[in-house]
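To keep things clear, I will list the structure first and then write my remarks on it.
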Amino acid sequence: MPQLGLLPRRTWAALLSQLLRPPRAACTGAVSCHSQVAEAVLTSQMKSHPEKPNFIIKTPKGTRDLSPQQMVVREKILDVVVSCFKRHGAKTLDTPAFELTEMLAEKYGEESGLIYDLKDQGGELLSLRYDLTVPFARYLAMNKVKKMKRYHVGKVWRRESPTIVQGRYREFCQCDFDIAGQFDPMIPDAECLKIMCEILSGLQLGDFLIKMCWKDVRHEMVAKKGLAPEVADRIGDYVQCHGGVSLVEQMFQDLRLSQNKKALEGLEDLKLLFEYLTLLGIAEKVSFDLSLARGLNYYTGVIYEAVLLQSPVQAEGEQPLSVGSVAAGGRYDGLVGMFDPKGHMVPCVGLSIGVERIFYIVEQRMKSFGEKVRTTETQVFVATPQKNFLQERLKLIAELWDAGIKTEMLYKNNPKLLTQLHYCENMGIPLVVIIGEQELKEGVIKLRSVASREEVAIKRENLVAEIQKRLSES
């Protein structure tokens, strides 16, 4: 007797009743009686175990589904981001969604309590990755990589109270760009800031400003350059004014700073950075800010965040949006050394784009302006006004698919022409090819523009070339 647990009870009941049912209505033998008994047992089991769910169907707190319309918007955002990363010569990388817990421990300071720990399933203590930076540092140390320019797009998880209005979730996507290796000062840092500006400008989110944290600049001057704390505080007096190039120039004019060798070295680094930013055309987008603070323990140098200067456009009835920073980054020269048995350092600097917050802003803007989103990229629809033309439609659609043209048709033997044309209008498909008895006899195909509703007859052998020509012109 097979085990009933291998298939759903309802399936087994149907199989047994069909296989063991006698040809006559009466129970005339051992096999037929066995059939009735089995059916009775299974029916009783199904009644005692109702299949209706007794729970609320929903996504876990801090997570969400993305509809086809939302996925189109997200993919457009990611296209802008990834295209910029590739333009700057980065190669891509992927790491596991979970890491050994010990790899993530003591890397995030107070935020370590937000790491998702997994139950021990096979002798290893595991945790979901909190960000993409620590796994990247682990990869560099494990593979003894000394230089790398990489980007990584992937999901991360944080066990915090989600704020959906601000685009904060427990599961979210990060887009990181990092430069690892020993290079001349401030060149990689300047490129990271340039990338941040290119992406935010390309996404057309409005005016923005990149703020650099003075607290971390001060720490670097005191800890690495040996600058006296009181001299660093003198520089801090200038930083409270907020500024960039002009602020650095003012500090050079201060005799108490310019006559201090260590202070001069620190100012030279700042000056060098802003010289590069000026050459890259983004110096006016960068400013020091005393209020900026980042919580992650692995940052060792200048950190920065990009904020929007105007409130994002809101759809009617939506709550006011306060998204905070839309991108952030900084230098973390000591992180790789934490994984290396000999403590070998690999200096790193990088940035992360806040995809979830940007997605929320773009989505609200589209709602506000009533923008519609196409959920498919279909270019051509194969239609017919005739019955019994499925075979001809299949031959035609195969020809278009083989030519690399994105094509659809309805999965019906005899669809109405009006239904097919309405589908094209609703889905935003620009072209329709129509085949019927008359077209088949004459060796032509009707090519219809959905927007203008104009139709022209094209010879069958010229159809692909004509479609490609029209698509290239649109």
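The values are calculated or read from the model by the stated rules, or taken from the named source; none is laboratory data. Worth saying up front: this structure is predicted, and the values here are computed from it rather than measured. Counting neighbours? That spans all protein chains shown, and the Cβs are built from the backbone with ideal geometry, glycine included. These area figures cover heavy atoms from the full protein model, side chains too; ligands, DNA and RNA do not enter into them. Shrake-Rupley method; radii C 1.70, N 1.55, O 1.52, S 1.80 Å.
Placing dummy labels 7 Å off each Cα toward the beta-carbon, the span from Q259 to E461 is 9.2 nm.
Mind checking the stretch 390-466 for trypsin sites (Lys or Arg not before Pro) that DSSP puts in a loop (not H, G, I, E or B) and that have at most 15 other Cβ atoms within 10 Å?
Listed in order of number, the matching sites are K406, K412, K416, R453.
Straight Cα distances below 30 angstrom link K271 to the lysines K86, K146, K147, K149, K194, K211, K215, K224, K225, K261, K262, K285, with same-chain residues fewer than 8 positions distant left out. Loop-located GluC sites (Glu not before Pro) across the stretch 392-459 with a Cβ neighbour count of 10 or fewer within 10 Å are E454, with loop assigned by DSSP.
Accessible surface computed residue by residue for the stretch 324-459, with neighbouring protein chains in place and a 1.4 Å probe, gives 50 Å² per residue.
When the charge dipole of the stretch 85-238 is built from unit charges on Cβ atoms (+1 for Lys and Arg, -1 for Asp and Glu) and taken about the Cα centre, the candidate among M148, F136, L100 whose Cα reaches farthest toward its positive end is M148. What you get for the stretch 394-433, charging only the Cβ of Lys and Arg (+1) and of Asp and Glu (-1), is a dipole of about 140 debye around the Cα centre. A straight Cα-to-Cα reach below 18 Å connects K367 with the lysines K76, residues fewer than 8 places away in its own chain not being considered.
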